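Below is one structure; the comments refer to it alone.
The values are calculated or read from the model by the stated rules, or taken from the named source; none is laboratory data. Owing to the predicted nature of the structure, the values given are computational and were not obtained by experimental measurement. We place every Cβ from the backbone using ideal geometry, glycine too, and count neighbours over all the protein chains shown.
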Amino acid sequence: MEEGLRREIASLCQKVAGRGWVANHDGNVSARCGERFVASPTAVHKGDVRAEMAVLLDGEGKVVGGERKVFSEIALHLACYRARADLGFVLHAHPPTATGWAVAGESFFDPPFLAEPVVSLGESIPLVPYVVPGGSTADLEAAIARCDAVLLGNHGVLTVGKDAEQAFLRMELVEHLARIALVARQVGGARPIPREDVEKLLAARAKSGLAPQPTAAWSPSSSSTDSGARPDVSAVVRDALKRLG
Ligand SMILES: [Zn+2]
């Protein structure tokens, strides 16, 4: 399992760099590996990360395998895994538009203004207040317990997923929504969708198995990165919207 995860981490890092979501040594990726974790190395540009550079960590985030050092933001990742039983991957990056909102101290998708992202991400993209690097992760844990993407105040964006693709697609969606929100702001501001519709979309999200799962439900056997069981988000949204009439 570890070898496959190393390759997935390298591939995800390269995709993140290719999208321009990081500069310098920014951004980091981790994956759950049974009771342990595999993580991207520190001080390497994400476009240059190769599978053999990934490090193996124990449950506390200490390096137990690999030649490199782990990144200092590992505490953010561990907080997410603590909060959620269903997470296989955590991705952190600084995509410019979404990070622009985060440094302005504004959550651009709270309340939501489009239906489909509610199914993909949850009731909002919460803004977690700025904390000094190495500071408390309590607010992040609380936000990730209910949503799949958060803005980190004066910092960047963090997304989570069952697998690498889900974490990547969620980061892509956050940055896309950030650009839409910016355009909407220039032409009068985004109008939120009705709260009752948000509730129905959240019910559809839960029914399809996309809702966050509490930590107690986690077991190593559920940590498979097989994406075959992942529900089709667009089908779920189509059904939910049909019911909304
Ligand atoms: Zn960062």
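Touching a Pro at 6+ places or on another chain (Cβ under 9 Å), closer than 21 Å to residue 97 by Cα, modelled with pLDDT of 95 or more and within 15 Å of the ligand (Cβ to nearest atom): does that describe residue 153? Answer is yes for this residue.
A residue that is more than 19 Å from residue 158 (Cα to Cα) and either modelled with pLDDT under 95 or outside any strand (DSSP E or B) (or both) occurs nowhere in region 79-97. With respect to the conditions (1) within 16 Å of the ligand (Cβ to nearest atom); (2) small (Gly, Ala, Ser); (3) closer than 17 Å to residue 143 by Cα, residue 72 lacks only one, and its number is (3).
The set of residues in region 1-24 being surrounded by 14 or more Cβ atoms within 10 Å (Cβ to Cβ) and within 16 Å of the ligand (Cβ to nearest atom) consists of 12, 13, 16, 17, 19, 21, 22.
Can you say whether residue 132 is closer than 27 Å to residue 238 by Cβ and either over 11 Å from the mean Cα position of the chain (by Cα) or surrounded by fewer than 20 Cβ atoms within 10 Å (Cβ to Cβ) (or both), as far as the supplied structure shows? Considered against the rule, which asks whether it is closer than 27 Å to residue 238 by Cβ and either over 11 Å from the mean Cα position of the chain (by Cα) or surrounded by fewer than 20 Cβ atoms within 10 Å (Cβ to Cβ) (or both), residue 132 comes out as no.
The number of residues in region 123-165 that are farther than 29 Å from residue 208 by Cα and either free of Cβ contacts under 8 Å to residues at least 60 places away in the same chain or part of a helix (DSSP H, G or I) (or both) comes to 8. Scan region 25-59 residue by residue and report those that are among the polar types (S, T, N, Q), buried (at least 24 other Cβ atoms within 10 Å of the Cβ) and free of Cβ contacts under 8 Å to residues at least 60 places away in the same chain. Across region 25-59, the qualifying residue is only 40. Looking across region 44-78, the residues that are part of a strand (DSSP E or B) and β-branched (Val, Ile, Thr) come down to 55, 63, 64, 70.
Residue-wise test of (1) farther than 16 Å from residue 149 by Cβ; (2) away from the ligand (no atom under 16 Å from the Cβ).
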{"site": "36", "(1), (2)": "yes, yes"}
{"site": "84", "(1), (2)": "no, yes"}
{"site": "91", "(1), (2)": "no, no"}
{"site": "95", "(1), (2)": "no, no"}
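Only residues that are closer than 18 Å to residue 144 by Cβ, in a helix (DSSP H, G or I) and at pLDDT 65 or above: list them for region 203-240, please. Selection gives 205, 206, 215. In region 97-124, of all residues being crowded, with 18+ Cβ neighbours inside 10 Å and within 13 Å of the ligand (Cβ to nearest atom), the one that is nearest to residue 234 (Cα to Cα) corresponds to 98. Scan region 140-148 and give yes if some residue there is charged (D, E, K, R), over 15 Å from residue 21 (Cβ atoms), surrounded by fewer than 20 Cβ atoms within 10 Å (Cβ to Cβ) and touching a helix residue (DSSP H, G or I) at 6+ places or on another chain (Cβ under 6 Å), otherwise no. Yes, because at least one residue in region 140-148 is charged (D, E, K, R), over 15 Å from residue 21 (Cβ atoms), surrounded by fewer than 20 Cβ atoms within 10 Å (Cβ to Cβ) and touching a helix residue (DSSP H, G or I) at 6+ places or on another chain (Cβ under 6 Å).
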